[in-house]
Amino acid sequence: MKGIKMDMKLSANAVNFIDEAKLQNLLENSKEDLPRARELFKKALDKKPLSVEETAVLLAIESEEGLKELFAAARELKRKVYGNRIVLFAPLYVGNHCVNNCKYCGFRKDAKGIVRKTLNNKELISEIENLEKAGHKRLILVFGESPVYTPEFIAESVKTCYSIKVGNGEIRRVNINAAPLDVEGFRIVKESGIGTFQIFQETYHQETYSKYHPSGDIKGDYMWRLNAMDRAFEAGIDDMGIGALFGLYNWKYEVLGLVSHALHLQNTCGVGPHTISFPRIKPAADMNLELPYEVSDDEFKRLVAILRLAVPYTGLIMTARESSAIRDEVIEFGVSQIDAGTKLEIGGYQNQKGDEQDITKEQFVIGDTRELDDVMHWLLTKGYIPSFCTACYRMGRTGEHFMEFAIPGFIKRFCTPNAIITMAEYLEDYASDRTKEAGYSLIEKELEKLPDSVQKEKIIAHLEAVKNGTRDLRF
């Protein structure tokens, strides 16, 4: 089957860039060294990625004083690199057929009671229309791992997303979470106009990977999955998303695995991952597992802060797996993207507001069930600019977007203005009265921070144009 790996020999020439012995040795022998850690805080704040060895120094911090400084540095770096923007998106599950038996997943092949479904074209259009009516501009399409979901099928789904317009609503960026493909398959999907192609390694510990992914499954090939982003880059995809499912193995090891992966991509492809995701394992249909490596809330905060410092140029995604309370606390440590108004059921956006989650139709249980407008209001009251910006990708600035830390004034020139304009679109077209009031109040405060300049005048002019009905203005 074109695109989908069916021959287990295809990964024979893959490169294993995860040095397990080295990572384990670093974890076993690294001791808290605050003077050294402070040097690394400065390096990270200078927007320089940390090595695996340097990341291990931060992982060794245990003292109250050290953790306080760690979190303070992560907060400062987040503001320095990303400002006070938070990018919003929604996941759209297109189909949950799967040929794998990942033991932690509600979509696994042998899960009992799971309802299998793939959206037909009419249903997909209905989902997109409802997402646009809520105000979404950015989607990530999620597919089970099955030969049913060919590169051509994924590409057609993407094209459908871009073709649907409801009022002022439109989808401007479609990211993908799907099975690893061969180079030709990635190329087909790339040509449909996708943004980021996201693939999680799940765990970088090979023995643990084998424990949770049966060897006879397509996903059972650790190396095929590990080298997926290299094939994607060869196919022309330079927006790559990586991630680990925290709770399968030692969280500190997984952090080092993610950093190793980011450095590998940066060294071999010339560009690091566009995003890193760090979901914690959650209950799923017919799942009964002992999880000795479950990650506590305090550990979760630490891993987010450390990833922010270790890979300063990469967007960090915190999903609605986490509760609203945890998201409220962790977002300040370096998160730059979140989902909102999330529905994980196949066809879930066609349901009425307030419907309870049906675990037999979902991959896992979500923790933050708030609607988009509620999340918008929450962010605004915390001083964040909710952003639906897609300008860099659509104007050919993907390389710059990945490595924005190297571009002086990038935030002031592009990011903050585009965030403000896209937020104003939402305020005019979809917001509740309380969200609209909070939004324009924040915009006034942001404008007051800007010195008088041609740039400020242009932002104000764009805002007036948005109020008068113009859409999709970009810097």
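Of everything in segment 252-262 that is hydrophobic (A, V, I, L, M, F, W, C) and closer than 18 Å to Asn227 by Cβ, the residue that is surrounded by the fewest Cβ atoms within 10 Å (Cβ to Cβ) is Ala262.
Checked against (1) within 30 Å of Pro386 (Cα to Cα); (2) of a type in the set (Ser, Thr, Tyr); (3) surrounded by fewer than 24 Cβ atoms within 10 Å (Cβ to Cβ), Thr150 passes all but condition (1).
Among residues that are without any contact (Cβ under 8 Å) to a residue 60 or more places away in the chain, of a type in the set (A, V, I, L, M) and either assigned to a helix (DSSP H, G or I) or in the same structural domain as Glu62 (by TED's automatic domain parsing) (or both), Met223 is not included. Can you tell me which residues in segment 10-35 are surrounded by 13 or more Cβ atoms within 10 Å (Cβ to Cβ) and without any contact (Cβ under 8 Å) to a residue 60 or more places away in the chain? Answer for segment 10-35, where residues must be surrounded by 13 or more Cβ atoms within 10 Å (Cβ to Cβ) and without any contact (Cβ under 8 Å) to a residue 60 or more places away in the chain: Lys22, Ser30, Glu32, Asp33, Leu34.
For segment 290-342, filtering for residues that are in a strand (DSSP E or B) and closer than 18 Å to Phe41 by Cβ leaves 1.
It is to be established whether one or more residues within segment 41-51 are within 18 Å of Trp251 (Cβ to Cβ) and in a helix (DSSP H, G or I).
Checking segment 41-51: not a single residue is within 18 Å of Trp251 (Cβ to Cβ) and in a helix (DSSP H, G or I).
In segment 263-280, the residue that is nearest to the chain's Cα centre (by Cα) out of those that are surrounded by fewer than 21 Cβ atoms within 10 Å (Cβ to Cβ) and in a loop (DSSP other than H, G, I, E, B) is Pro279. Evaluate segment 232-251: report whether one residue or more is touching a His at 6+ places or on another chain (Cβ under 9 Å), of a type in the set (S, T, N, Q) and modelled with pLDDT of 95 or more. Yes; the residues of segment 232-251 include at least one that is touching a His at 6+ places or on another chain (Cβ under 9 Å), of a type in the set (S, T, N, Q) and modelled with pLDDT of 95 or more.
Out of segment 1-29, which residues are at pLDDT below 95 and assigned by TED's automatic domain parsing to the domain that holds Glu65?
Those that are at pLDDT below 95 and assigned by TED's automatic domain parsing to the domain that holds Glu65: none in segment 1-29.
On the basis of being at pLDDT below 95 and either aliphatic (A, V, I, L, M) or in contact with a helix residue (DSSP H, G or I) (Cβ under 8 Å, 6 or more places away or on another chain) (or both), does Leu291 make the cut? So Leu291 fits the description; yes.
For segment 109-127, taking the residues that are of a type in the set (A, V, I, L, M) and part of a helix (DSSP H, G or I), the one that is surrounded by the most Cβ atoms within 10 Å (Cβ to Cβ) is identified as Leu124.
Screening the candidates Ala178, Ala232 for the property of being buried (at least 21 other Cβ atoms within 10 Å of the Cβ), closer than 20 Å to Asn100 by Cα and not polar (S, T, N, Q) yields one hit, Ala178.
The values are calculated or read from the model by the stated rules, or taken from the named source; none is laboratory data. Note that the structure is a prediction, hence the values are computed from the model and not measured. Methodologically, a virtual Cβ is constructed for each residue, glycine included, from the backbone with ideal geometry; neighbour enumeration extends over all protein chains shown.
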